[in-house]
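Report on the following structure.
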Amino acid sequence: MNVVLLAINAKYMHSSLSVWTIAAGISEFCQTDHVVNVVEATINQKCEDIVAHIVEHEPDLVGISSYIWNVRILASLLEQLREQHPKMLIALGGPEASNNPSYWLNLGAEHILQGEGEYVFPEFLDEVSRGKTVDKIYYGKQLCEQLQNEKPVDPFTETYFQALGSKISYIEASRGCPFKCAFCLSAGESVRFFPIEKIKEQIQRLSQSDTHIVKFVDRTFNCNAGRAFELFEYIIDMDTECRFHFEVAADLFDERTVELLATATKGRIQFEIGLQSFHQPALEASSRKTDINKAEKNVRALLKAQNIHIHVDLIAGLPYETLSDFKESFSRAYSLNAHTLQLGFLKLLHGSVLREQAETLGIQYTEQSPYEVISTPWLSTSDLDQLRQTENALQRTYNKGRFLSTINYVLDASELDAYLFFNKLGREFPNHGTQLEQYVKQIYEFCAEIQGVERKRLIDHMICDWLSMVKGKNAPAFLKNQNSRRDEVKAEAEAQLKRKIGRHEYAVLSSGKGVYVDSHSYDIVTELYELHYIEN
């Protein structure tokens, strides 16, 4: 058969691991020869353009991976394929389709594949090509049971690397998760670890490709401490410019691993750490087992080395967590000073335990993707609106590395805590599509009115922040102190840098102190440029 495997990614810079893994499974396990073409599109493309990419290969069958980020465009795509190419078979897999099969069958898919695609799809494809009657909801049990524990496939073929280019690449060293978080689709799945020497070989090949970031899709990469240590050690010892991203549980790190990680080349490793909440009843109701005090201690230890980018997550809308409880979680998480603090909102995914419990718990959520919480008995719609205002300001300042010293100054000078600061900023200036220059002015106007804030010191902090976060762009006029020392500061900066600099690279503060930025020295961890000061 002539087959197209379609992935619809969230962004152009993303690549798909699933379709290439399935393609490798077809090559490895199919008993009949098939022609397989992988097509990667994005949710930002027009449906008609994606359809055109599919039909240019004249497929008999299209297999499509479904995820929370592509279900809206996927529904429209199915409609167009059914109308324009009624003889083309369509099979869907992935978490959205396999956990909600009747919905997708009604939309026009002929088959829903459940289970691990690299084993299910080859068996399905052989049976269809032989003219056998195949179940609408298909699970290739025989091949799965025979091979999934014995023969993991390798998706990283020459064709894969040609398609990958400089996009973000993905790899999995294990499948499943030992934990039972009620909001997660991997809850309670037994963990299968792929052969570690094979993983090292794949890491090496990816590190020598054009990709800049390699992301492990393992749900809890460090659930096996010894294995994680060995892979971290391997990656730290590599000669590569690649960065490696992991989802980890902070409380599972032992002292030996923390000490090893402190030796990593700056920027080599990135961690995404799901704290989710500091409110114990919410964690217990979500079946999330976390030693939150140990997690907090380990995050601080990891940050101390200043060589790893740390991203921590909170989830708003968990059972038994009120607005007051969440504010406490936010303040505690913010005090860690991680590089990113994501304030996310509970999503009731098809197949998750919390979705099944939602009616009993009284949790309301959107019917359409992303199935986000609307209200709970502990958080009203108004409460959630307040949290979204907070998230808006947090995302556009702190999480982008913008005005960090300004925010710290304002919090120190005033009586505001971090939550209240971001909530007030988000409420006053929603910043939907606002240009940076205009938003900077709004931040100044907002901060200048806060009791305890001195305007001159505020301006000084904002000048320094602008220099460190923006390259090649002049600061807005209100952030410029006109001072006779400007020429002197420029000359001194050029002498120290041993090169000419532009007017956007230096400034004079209200005290007369000079400041300049080394725009050739970019910190890959903080994503800021290095500042230097010249005394009076």
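Read-outs: derived from the displayed coordinates by stated rules, not from any lab. Keep in mind that what you see is a predicted model, and the values were worked out from it rather than measured. Positions of Cβ are backbone-derived with ideal geometry, glycine not excepted, and every protein chain shown enters the neighbour counts.
Some observations on this one:
- Averaging the Cα positions of each part gives two centres, and for region 372-390 and region 507-536 these lie 40 Å apart.
- Segments 169-175, 157-163 sorted - mean Cβ within 10 Å per residue, highest first: 169-175, 157-163
- You can think of it this way: the chain between F161 and N337 has 59.7 nm of extra reach, that is 0.36 nm per residue less the Cα-Cα gap.
- Summarising the label geometry, the points placed 7 Å from Cα in the beta-carbon direction at K180 and A301 lie 2.8 nm from one another.
- Of V38, V55, the sequence from fewest to most neighbouring Cβ atoms within 10 angstrom is V55, V38.
- From most to least packed by mean Cβ count within 10 Å, the peptides 244-254, 72-82 give 244-254, 72-82.
- Pairs beyond 21 Å (Cα-Cα), from K456/K513; K151/K200; K266/K498; K441/K490; K151/K198: K266/K498; K441/K490
- Projecting label points 7 angstrom from Cα along Cα→Cβ for V35 and E535 puts them 7.6 nm apart.
- R0 of 22 Å, Cβ-Cβ distance D254-K200: FRET efficiency to nearest 0.05: 0.55
- Listing I22, I54, I292, I43 from fewest to most neighbouring C-beta atoms within 10 Å gives I43, I292, I54, I22.
- Bins of 10 Å from zero: percent of alpha-carbon pairs in region 156-220: 20, 42, 27, 11
- Diffusion constant of region 1-87 at 25 °C, which comes from Stokes-Einstein with the Kirkwood Cα-pair radius and 0.890 mPa s, µm²/s: 184
- Calculated SAXS-style log₁₀ I(q)/I(0) at q = 0.15 Å⁻¹ - region 318-408, Debye, Cα scatterers: -0.65
- When both bridge partners sit in region 168-379, DSSP labels roughly 20% of those beta bridges antiparallel.
- Contact order relative to length of region 1-142, as percent, for alpha carbon pairs under 8 angstrom and 6 or more apart: 26
- Applying both filters, DSSP loop and at most 14 other Cβ atoms within 10 Å, to the trypsin sites (Lys or Arg not before Pro) of region 274-324 gives K289.
- Residue order, fewest to most surrounding Cβ atoms within 10 angstrom, among F124, F478: F478, F124
- Per the Debye calculation on region 168-379 with a single equal scatterer at every Cα and no solvent contribution, log₁₀ I(q)/I(0) for q = 0.10, 0.13 Å⁻¹ amounts to -0.46, -0.77.
- Within straight-line cross-link reach of K167, aspartates and glutamates at Cα separation under 17 Å, skipping those fewer than 8 residues along the same chain: E40, E158, D210, E241
- Dipole moment magnitude, nearest 20 debye, the chain about Cα centre, only Lys, Arg, Asp, Glu C-beta charged: 1400
- Modelled label reach - K46, point 7 Å along Cα→Cβ, region 72-112 residues with backbone N closer than 17 Å: 73-74, 76-81, 84
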